[in-house]
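Let me begin by presenting the structure, written as structure tokens, before commenting on it.
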Amino acid sequence: MLGQKRIKQITDAILARSTADQTEVLVLANDEALTRFANSTIHQNVAETDSEVRIRVVVDKRIGVATTNNLTDEALAQALETALTIARLQPQNPDFKSLPGPQPIPEVTAYSEATASCTPKQRARGAGIVCSLAREAGVRAFGALTTAALEIAVANSLGVFAYCPTSYADLVTVVMSDNSSGYGSALTMNVDDLDVEAIGREAVEKALRSQNPQALEPGEYTVILEPYAVQDFVEMMAYTGFGALAVQEGRSFMAGKIGQQIVDPRISIWDDGLDPAGLPLPFDFEGLPKQRVDLIERGVARGVVYDSYRAGKEEGKISTGHALPAPNPMGPFPLNLFFAPGDAALEEMIKSTERGVYVTRFHYTRPVEPAKVVITGMTRDGTFLVENGEIAHPVKNLRFTQSYVEALNQVDGVGQEPRLLSGFDGLFRVSVPALKLGSFRFT
């Protein structure tokens, strides 16, 4: 860990040296380690320490960005000069108004010393539990246990300075037999809160239960989706349409729908970087405080997330604190997503199903028609036929091609127990329950 004092020395020096009209410095420092296992044997311990300084400069509405992970004075000066050179070679951006000014940053608890100081021996102990459970059951465990401590800081020439240390522990495992697999995953801020044994047992039991799968004809089925599968719903909706850029370009499923009912009234999805249940981060990569944004409230499209640039393109809009690091072709993006739980137990969802498909998770999903969130992908790591209120037998994995928005208009039940999972990278988190949907298209 560099520490706040050292990081501020770096940012102050760059800002003092810059000749640009405006300058922003983003510092991302991480200490990350993982213990990886395969065939129920630990085979690798990896640790990485790195620090990145990203400099954005504005010269007469021309913007340049340069990055370095060399923290010597000479390297930082060279990175600043590179950013200035890039800016001078750019065309003017008449839509750019300004870097943001300072705003109060809420205090959050996002850091665990137990996670930051976790040793290889401690991680090996956790990974060893999963491996032992698999060996005892006659199956094979694969996966990794990751612990990480990160520092994020943003400073600019208008007076912004925001700093936050954060940490996370993440376990992912796939347990396999010769013709089946099971999955388990969990994310926590404090590694001591990670129930490794429960995750291992979940994956082992799923691998045993899904042995010798049978073929199932494609078609439309009632589905019961575990949180791992529901996670993909939220990620794909975020990727295709929860940001202001997609709405402004008319390619979001939210475009022209704000204030309208778009999914079942039992569906509420929001982003909240301050909620401790979701591994908080109190500001974005421009140093602006994160705001809770209700994206879908009781089925109604309520809004999308903004950064300062995209907010400046709409009358009366301000940043919601969702900027990504510059340069950023994706636009603003929600990183702390919550899907509201309901009142249905998973067992009740199964018992109330005459015939359907139980899905552990999705794999290799890709957008087909982003404006309708039509996604194609595969089931994976435990897919079962449900008949007469019971799991009848495992089935071979199926490809699906389905509009997630359309599917969320077929809700038969929302699970009561959300799970916190990691998404695209270590800074993307999503809390999701199980779901029962009346119709889902397997192709």
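Annotation: of all residues in segment 377-390 being over 25 Å from the mean Cα position of the chain (by Cα) and open to solvent by less than 40 Å² (accessible area, probe 1.4 Å), the one that is nearest to Asn212 (Cα to Cα) is Phe384. For segment 347-360, the set of residues classified as part of a strand (DSSP E or B) and either buried (at least 22 other Cβ atoms within 10 Å of the Cβ) or not charged (D, E, K, R) (or both) consists of Gly356, Val357, Tyr358, Val359, Thr360, listed by residue number. With the condition kept exactly as written, say whether any residue in segment 282-289 is part of a loop (DSSP other than H, G, I, E, B), under 30 Å from Ala169 (Cβ atoms) and of a type in the set (Gly, Ala, Ser). Yes, because at least one residue in segment 282-289 is part of a loop (DSSP other than H, G, I, E, B), under 30 Å from Ala169 (Cβ atoms) and of a type in the set (Gly, Ala, Ser). In summary, Leu15 fulfils each of the numbered conditions (1) more than 26 Å from the chain's Cα centre (by Cα); (2) more than 30 Å from Arg135 (Cα to Cα); (3) part of a strand (DSSP E or B) with the single exception of condition (3).
Selection over segment 140-168 of residues that are buried (at least 24 other Cβ atoms within 10 Å of the Cβ) and not in a strand (DSSP E or B) gives a count of 0.
Annotation: Ala75 fulfils all but one of (1) in contact (Cβ under 8 Å) with a residue 12 or more places away in the chain; (2) touching a Ser or Thr at 6+ places or on another chain (Cβ under 9 Å); (3) not polar (S, T, N, Q); the unmet one is (1). All of (1) modelled with pLDDT under 95; (2) part of a strand (DSSP E or B) hold for Val58 with one exception: (1).
Can you name every residue in segment 290-309 that is in a strand (DSSP E or B) and either open to solvent by 60 Å² or more (accessible area, probe 1.4 Å) or under 21 Å from Tyr111 (Cα atoms) (or both)? Write out each step before concluding.
As a first pass, look at segment 290-309 and keep what is in a strand (DSSP E or B): 293-297, 300-301, 305.
Passing the criteria: only Glu297.
Restricting to helices (runs of 4 or more DSSP H) lying wholly in segment 169-251: which have 2 or more residues that are out of contact with any helix residue (DSSP H, G or I) (no Cβ under 9 Å at 6 or more places or on another chain), surrounded by fewer than 24 Cβ atoms within 10 Å (Cβ to Cβ) and without any contact (Cβ under 8 Å) to a residue 60 or more places away in the chain?
Values: elements: 196-209, 227-241, 244-248.
Per the criteria, 196-209.
Residue by residue through segment 19-45, note down the ones that are hydroxyl-bearing (Ser, Thr, Tyr) and in contact with a Ser or Thr (Cβ under 7 Å, 6 or more places away or on another chain). Residue satisfying the conditions is Thr23 alone.
How many residues, within segment 124-169, are charged (D, E, K, R), under 23 Å from the mean Cα position of the chain (by Cα) and more than 30 Å from Ile10 (Cα to Cα)? Full working, then the answer.
Of the residues in segment 124-169, the ones charged (D, E, K, R) are 125, 135-136, 140, 151.
Now narrow it down to the ones that are under 23 Å from the mean Cα position of the chain (by Cα): 151.
Filter once more, keeping what is more than 30 Å from Ile10 (Cα to Cα): none.
Here the count works out to 0.
No other residue among Gly287, Gly316, Gly256 is in contact (Cβ under 8 Å) with a residue 12 or more places away in the chain and either on the phi > 0 side of the Ramachandran plot or in contact with a Phe, Trp or Tyr (Cβ under 9 Å, 6 or more places away or on another chain) (or both) apart from Gly287.
The values are calculated or read from the model by the stated rules, or taken from the named source; none is laboratory data. Computed from a predicted structure; not experimentally measured. For neighbour counting, all protein chains shown are included, and Cβ atoms are generated from backbone atoms with ideal geometry for every residue, glycine included. Note: accessible area is taken over every heavy atom of the protein model, side chains too, but ligands, DNA and RNA are not part of it. Shrake-Rupley method; radii C 1.70, N 1.55, O 1.52, S 1.80 Å.
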